[in-house]
Amino acid sequence: MSFNEISQTSELEQLFSQSAEKPVILFKHSLTCPISHAAYEEMSNLTKEEISLVIVQDARPVSNEIATLTGIRHESPQAFIISDGKVAWHASHYEITKTSVTRALEEIKN
């Protein structure tokens, strides 16, 4: 598992472009929310995946741009799988689990 922190909207745009090659996992995390902490632990268990991390307190413009690009209202925690420049899957709060992300990735890749 590898978290890559995203703090600029230009980095977010690159991720959407890269999703044409392979699905991209994007995780919005709040440093002050216990539910987000639990979701972060679940995401940490995705040992074979690269995860783009947006800390909402540090990168509010990026968080807002995610809502704009996806058309999905901001929540935190929130996880997305972007494929071909579009949201292929998303979840928030307790729906973010290692199992749910892994299952969604498998379905998207097949």
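The values are calculated or read from the model by the stated rules, or taken from the named source; none is laboratory data. Given the structure is predicted, the values throughout are model-derived calculations rather than measurements. Cβ sites come from the backbone with ideal geometry, for glycine too, and all protein chains shown count toward neighbours. For accessibility, only protein heavy atoms count, side chains too; no ligands or nucleic acids. Shrake-Rupley method; radii C 1.70, N 1.55, O 1.52, S 1.80 Å.
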Taking the range 56-86 and keeping only residues that are of a type in the set (D, E, K, R), in a loop (DSSP other than H, G, I, E, B) and either within 16 Å of residue 19 (Cβ to Cβ) or open to solvent by less than 30 Å² (accessible area, probe 1.4 Å) (or both), one is left with 84
The one condition residue 92 fails out of (1) out of contact with any His (no Cβ under 7 Å at 6 or more places or on another chain); (2) modelled with pLDDT of 95 or more; (3) under 17 Å from residue 2 (Cα atoms); (4) buried (at least 16 other Cβ atoms within 10 Å of the Cβ) is (3)
Expected single match for open to solvent by less than 20 Å² (accessible area, probe 1.4 Å) and in a loop (DSSP other than H, G, I, E, B) among 31, 53, 26, 46 is 46
So, first residue acidic (Asp, Glu) in the range 70-90, second residue at pLDDT 95 or above and assigned to a strand (DSSP E or B), Cβ within less than 7 Å, six or more apart or across chains; the pairs are 75/92
